[in-house]
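The values are calculated or read from the model by the stated rules, or taken from the named source; none is laboratory data. From a predicted model like this one, the values you see are computed outputs, not experimental measurements. Using ideal geometry, Cβ is built from the backbone for each residue, glycine included, and neighbour counts are taken over all protein chains shown.
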Amino acid sequence: MSAALSPLAAAPTSSAIALYARWSRELDGKIGAAVERLQDAAVAHGAGLVQSSSLGVEDLVITDLIARHRLPIDIATLDTGKLHAETLGLIPRIAERYGREVAVFQPVNEQVIQFVRREGEEAMFKSIELRKACCGVRKLEPLARMLKGRSAWITGLRREQSGARAEVAFDEDDGQGRRKLSPIADWTWAEVWAYVERFEVPTNPLHDQFMPSIGCAPCTRAIAVGEDFRAGRWWWEDSSKECGLHVKP
Ligand code: SF4
């Protein structure tokens, strides 16, 4: 499928909060449990702990929990060079709102130039192998640098996001000798947005264009009613919709 078919141009807008936010009876307890998991992780790992934020809504909720409870946890993100301006715009918004700097990890420029020269700007559409190679250069290599010297990382994975994530644990081995922590793994989409509404968490305006999961611009589209949360990621592929950041060990 051609990148020219990007659905962004025609995407309608609607407030994600109005559409999704529903405070459940369990949410107060889930918030308390998530804070406890973060506090325990901060004690157990100290400076070895980092929040690896995709700047998606789940990660922003976790950043809010970290900042609200003054937890000494570093926050970092990947700038692949292909992100939407709206996504990058969250970095200064986090600094402004919480007084927390987000460490930004970018791919090695020379590797990107070589890859694009060899495979083209639209390599990701040619095959799953080339798409994964692009993710390798732009995401996996900088992630490895982000996690170097760390003993644990925090993600915004939720079990509800896709079939492939249905069994995400709160605390699991990442296969590289670190703990991977997903403190809101049991939250629903409605609960995530209810938290955003209650605590006025800054979020990506693209979520208001029916994009629940936002990655690189060429590889993200809006989803339709009834589609899987991650159906808009690499929508031309019949794959598990993962880039390799969260493979099972
Ligand atoms: S999501 Fe798309 S543009 Fe981003 S690194 Fe992967 S293949 Fe490349």
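For this structure, a couple of remarks:
- Of the listed requirements (1) over 24 Å from V50 (Cα atoms); (2) surrounded by fewer than 21 Cβ atoms within 10 Å (Cβ to Cβ); (3) in contact with a strand residue (DSSP E or B) (Cβ under 9 Å, 6 or more places away or on another chain), L206 misses just one: (2).
- Looking across the range 183-201, just one residue is surrounded by 23 or more Cβ atoms within 10 Å (Cβ to Cβ) and acidic (D, E), and that is E191.
- Against the list (1) away from the ligand (no atom under 16 Å from the Cβ); (2) more than 18 Å from L157 (Cα to Cα); (3) in contact (Cβ under 8 Å) with a residue 24 or more places away in the chain, the condition I75 fails is (2).
- Among the conditions (1) away from the ligand (no atom under 16 Å from the Cβ); (2) in contact with an Asp or Glu (Cβ under 9 Å, 6 or more places away or on another chain), G177 misses just one, which is (2).
- Scanning the range 184-238 for residues that are assigned to a helix (DSSP H, G or I), out of contact with any Lys or Arg (no Cβ under 7 Å at 6 or more places or on another chain) and within 16 Å of the ligand (Cβ to nearest atom) gives a single hit, L206.
Per-residue answers, yes or no, for (1) surrounded by 14 or more Cβ atoms within 10 Å (Cβ to Cβ); (2) part of a loop (DSSP other than H, G, I, E, B); (3) touching an Asp or Glu at 6+ places or on another chain (Cβ under 7 Å):
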position: T77; (1), (2), (3): yes, no, no
position: T80; (1), (2), (3): yes, yes, no
position: T87; (1), (2), (3): yes, no, no
position: R97; (1), (2), (3): yes, no, no
position: E110; (1), (2), (3): no, no, no
position: Q114; (1), (2), (3): no, no, no
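- Matching residues in the range 158-173 - criterion: being out of contact with any strand residue (DSSP E or B) (no Cβ under 8 Å at 6 or more places or on another chain), more than 16 Å from the ligand (Cβ to nearest atom) and not in a helix (DSSP H, G or I): R158, A166, E167, V168, A169
- Qualifying residue in the range 221-243 (condition: among the β-branched types (V, I, T), touching a Leu at 6+ places or on another chain (Cβ under 9 Å) and at pLDDT 80 or above): no
- Selection from the range 117-156 of residues that are farther than 20 Å from F105 by Cα and either hydrophobic (A, V, I, L, M, F, W, C) or not in a helix (DSSP H, G or I) (or both): G120, E121, E122, A123, M124, F125, K126, S127, I128, L130
- The range 119-146 - residue that is closer than 17 Å to D238 by Cβ and among the aliphatic types (A, V, I, L, M) and, of those, nearest to the ligand (Cβ to nearest atom): M124
- Evaluating V104 against the criteria (1) within 13 Å of the ligand (Cβ to nearest atom); (2) surrounded by fewer than 19 Cβ atoms within 10 Å (Cβ to Cβ) leaves one unmet condition, (1).
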